[in-house]
Amino acid sequence: MKHSFHIPVLGLAFSIDSPIKVAKYGISSVLSIVDDELIERIRHYYANLNGLSFTPINKHEIDGRAKRITAYLNLVQELVEGQIQKIKTETFSIGSDLSKYFEMLAEKTPIKELYNQMLSTVNSHQKEAMQQELRNAVSAGDIDVNIMAKVDKLNHSQHGDVLNERFSDALSAIRGFANSNLSSSVVLSAGMNPRLYNYLATLDCFFPNSAGKLQKRIILKVSDFRSANIQAKYLAKKGIWISEFRVESGLNCGGHAFATEGFLLGPILEEFRLKKETLIAELHSLYQESLSNKGITAPETPYPIRFTAQGGIGTPEEQNFLLTHYGFDGTGWGSPFLLVPEATTVDQATLTALTQAEKEDFYLSGASPLGVPFNNFRHSTSEKKRLDRIAKGRPGSPCKKKYLITNTEFGPTPICTASRVYQHAKINELSQQSLPENEYQKAYNKITEKVCLCDGLATSAYINYGIEKPREDLSVSICPGPNTVYFDNTYSLKEMVDHIYGRKEIPLKNERNHFFINELELYITYLKNYVEETVQDAKSIKFVERFKAQLLTGIEYYESISNQVMENVSSKIESFKKELTVAKNNLQTIKTP
């Protein structure tokens, strides 16, 4: 890795072309391959922009979804390779991409030290030799892709026949990646999908090639050690190696939030720190056995496994603490990069709204049709559209892409809970229950809170690149994490990278607590809401008590490492401990019958 951070997947559109923007600087990023409609339109846009031929791929042709994904990924790689070759021909002049490449690297790396040495070298022959060595070291950041493992509906032919499960959404997407020219990773997120995991074991590119190399790799995005352990061993038994564990905060993140049962990020990372060597050894043993059974030569020593963390990181001190204290290999910075147009794709109206937002504008919602808590933004145009439809007596969205159709309450054919069809039927059902007004309104709000993410999370790219279709709904959904509120401007790529590495910090808005404290507060709020909204039976009471106990264990852990967290600065340690005490007191106010 050229950098000690990466840009995680951001919605559907927001990082769809991030590799084209940042890979040339050695920065790795992740694009979503869930929406092949978006992918095809972005491929068309970039082909035209670069004077390349474009042959449309119809979604109804055999394996059309996979072919679209393959074609776009190949185009992205072609463009990035061209950028790298161009950079290598440039001079080390001020403002050149070649100079920017090295200027953005972290300071205490051998290649950055060589760059600084080259700048101060007077001898022309030595300088030229150093410059050539530096040019040879230029390489692209990884072009990684993301699949939400459980977004995996079965598809139908144009004649309505159910297609073989190998043409399901997730399997088609992974095949699109597998057939591409990329040598990079797929990030598997949102839980375990046995059908997808079993299918991975049928794809040669995930096994060692004749040279013993993995052409394509797997990254598991997880929220705790137990999940990582179970999923990785399941895959290792099938001969699939995990090249990275990407540990994400359950609540202090963007997009869908997969809350733990009170397990905080710090204790989770500590468990990884203590157990990762054992985990690697156990995985390697299972992996060797599986490969041997398949007649594949198994590596004598384990392939490298990276451990990275993401979710709510906002300062260089937090970045460094994760790398040094837990011995992690890197971090993910997501939501702050939504405010970096050089790295991501967010329309201007949404960008402006994000920079002007207050803390209460970022909230955990029930907006996702997946039924998973979803980090939402109150001032998105999608939210305004949702409220406008309700006011007109027409709640719900037209359902065109159908990626999230899962509900079969009203018939055998799955429909989306954000769709007009579902919400109309559900409201009719509700109206027949003769509920008191307040109960009716609460249930009504829960039904109509769902929004179409398939369209809304893709729209920013259409607006930014002027590729809208006639009569297309251009309302934008965006899913920033709560950490976004502390960044109140738009930034250049260099400004954000300089901030991450502590060269020149961005002044953060409001009084910002350490990200461990911010996550703790989010979990306490989450638990309070659960208690208020859930019927208090024996099962839920037991859940709450277990949740509280885990949070208290986490608080005690943070108290024990407060000196290290706050770099032995007494005033900071005192403030950190005070926030922990406040959190503990807030937690004790949560009562169950």
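What does the highest-first list of 162-171, 430-439, 395-404 look like by mean Cβ count within 10 Å? Walk me through the intermediate numbers first.
Details: 162-171: 17.2, 430-439: 9.6, 395-404: 20.2.
Descending mean neighbour count gives 395-404, 162-171, 430-439.
Need one word for segment 157-228: rounded, prolate or oblate. Basis is the Cα gyration tensor (sqrt eigenvalues a ≥ b ≥ c); a/c below 1.5 gives rounded, then a/b vs b/c decides.
Numbers: a/c = 2.34, a/b = 1.26, b/c = 1.86.
Judged from the Cα gyration tensor, segment 157-228 comes out oblate (a/c at least 1.5, b/c at or above a/b).
Just the number: Rg to Rh for the chain, Cα atoms, Kirkwood Rh, two decimals. Present the calculation step by step, with values, prior to reporting the outcome.
Numbers: Rg = 24.5 Å, Rh = 25.5 Å.
Taking Rh as the inverse mean 1/r over Cα pairs, Rg/Rh reads 0.96.
Can you check what the net charge comes to around residue 517, using other residues whose Cβ is under 15 Å from the Cβ of residue 517 (Lys, Arg +1; Asp, Glu -1)?
Numbers: positive: 359, 512, 572, 577, 578, 584; negative: 317, 318, 511, 519, 521, 556, 559, 574, 579.
My count for the surroundings of residue 517 gives -3.
If we count every other residue with Cβ under 15 angstrom of residue 163's Cβ, Lys/Arg +1 and Asp/Glu -1, where does the sum land?
Numbers: positive: 59, 65, 67, 153, 166, 175, 195, 402; negative: 36, 61, 63, 152, 161, 165, 169.
After counting each charged neighbour, the total is +1.
Rounded, prolate or oblate, given the Cα gyration tensor of segment 274-389, with a/c below 1.5 counting as rounded?
Values: a/c = 3.01, a/b = 2.04, b/c = 1.47.
Prolate shape, in that a/c is at least 1.5 and a/b is the bigger ratio.
What does the C-alpha gyration tensor say about the overall shape of segment 471-522? Classify as rounded when a/c is under 1.5, otherwise prolate if a/b is larger than b/c, or oblate. Kindly include the intermediate steps, with their values, before the conclusion.
Values: a/c = 2.84, a/b = 1.34, b/c = 2.11.
Oblate is the answer for segment 471-522, as a/c is 1.5 or above yet b/c matches or exceeds a/b.
Might you report the magnitude of the Cβ-based charge dipole of the chain about its Cα centre, with Lys and Arg at +1 and Asp and Glu at -1, to the nearest 20 debye?
Values: 68 positive and 68 negative charges, 204 e Å.
Value, rounded to 20: 980 debye.
Around residue 222, which amide H atoms from residues at least 5 apart in sequence, or from another chain, sit under 5 Å from its own amide H, with H modelled in the peptide plane?
When sequence neighbours closer than 5 places are left aside, the close amide H contacts are 246, 247, 248.
Could you order peptides 230-237, 529-536 by the average number of other Cβ atoms within 10 Å of their residues, highest first? Don't skip to the end; give the middle numbers.
Numbers: 230-237: 18.6, 529-536: 11.5.
My ranking of the peptides, most packed first, is 230-237, 529-536.
Using a Förster distance of 22 Å, how high is the FRET efficiency between residue 230 and residue 421, based on the Cβ-Cβ distance and rounded to 0.05? The partial results should precede the final answer.
On the way: r = 37 Å, r/R0 = 1.68.
The pair residue 230/residue 421 has a calculated efficiency of 0.05.
Roughly how big is segment 513-588's charge dipole about its Cα centre, with Cβ charges of +1 (Lys, Arg) and -1 (Asp, Glu), in debye to the nearest 20?
Numbers: 9 positive and 11 negative charges, 32 e Å.
Once rounded to the nearest 20, the dipole reads 160 debye.
Hey, how many Å between the Cα centroid of segment 527-544 and the Cα centroid of segment 307-346?
Using only Cα atoms, the two centres lie 33 Å from each other.
Show the residues, 5+ positions off or on another chain, whose built amide H is closer than 5 Å to the amide H of residue 6.
Residues meeting the amide H criterion: 331, 332, 333.
Can you list the residues, at least 5 places off or on another chain, whose amide H is less than 5 Å from the amide H of residue 397, using H built in the peptide plane?
419, 420
Evaluate the relative contact order of segment 381-477 (contact order divided by residue number), counting alpha-carbon pairs under 8 angstrom at least 6 apart; express in whole percent. Write down the numbers at each step before the final one.
On the way: 109 pairs, mean separation 29.6, N = 97.
It rounds to 31 percent for segment 381-477.
Evaluated at 25 °C with a viscosity of 0.890 mPa s, what Stokes-Einstein diffusion coefficient in µm²/s does segment 83-141 have when Rh comes from the Kirkwood expression over alpha-carbon pairs?
My calculation gives 212 µm²/s for D.
For segment 477-582, which trypsin sites (Lys or Arg not before Pro) are in a loop by DSSP, counting at most 16 other Cβ atoms within 10 Å? Could the numbers behind the result be given before it?
Working: sites: 494, 503, 504, 509, 512, 528, 539, 542, 546, 548, 572, 577, 578; in loops: 503, 504, 509, 512.
Qualifying residues, ordered by number: 503, 504, 509, 512.
Hey, what do the phi angles of segment 98-108 turn into as Karplus ³J(HN,Hα) couplings, whole Hz, using 6.51/-1.76/1.60 and θ = phi - 60°, x for Gly and Pro?
5, 5, 4, 3, 7, 4, 7, 5, 4, 5, 8
Would you work out which of 274, 229, 443 lies farthest towards the positive end of the dipole of the chain? Charges go on Cβ: Lys and Arg +1, Asp and Glu -1.
Going by the charge dipole, the pick is 443.
At q = 0.14, 0.17, 0.21 Å⁻¹, what base-10 log of I(q)/I(0) does the Debye formula yield for segment 381-477 when every alpha carbon is treated as an equal point scatterer in vacuo?
-0.56, -0.78, -1.08
So for the chain: antiparallel DSSP bridges make up what percent, rounded to the nearest 5? Mind showing how you got there, number by number?
Values: 8 of 38 bridges.
Counting DSSP beta bridges with both partners in the chain, the antiparallel share is about 20 percent.
Looking at segment 93-126, which trypsin sites (Lys or Arg not before Pro) are DSSP coil and have at most 10 other C-beta atoms within 10 Å of their C-beta? Before the final figure, lay out the partial values.
On the way: sites: 100, 108, 112; in loops: 108.
Counting only loop positions with at most 10 other Cβ atoms within 10 Å, the trypsin sites (Lys or Arg not before Pro) in segment 93-126 are 108.
What's the ranking of 184-194, 333-343 by average number of surrounding C-beta atoms within 10 Å, highest first?
Ranked from most to least packed, the peptides come out as 333-343, 184-194.
Treating cross-link reach as a plain straight distance, find the aspartates and glutamates whose alpha-carbon is under 20 Å from the alpha-carbon of residue 384, omitting any fewer than eight places away in the same chain.
Once the sequence-local aspartates and glutamates are set aside, what remains near residue 384 is 347, 358, 360, 361, 449, 455, 468, 472, 473.
Where a number appears in this text, it was derived from the coordinates with a stated rule and is not lab data. This is a predicted model, so every value here is computed, not measured. Every residue, glycine among them, receives a Cβ derived from its backbone with ideal geometry; neighbour counts consider all protein chains shown.
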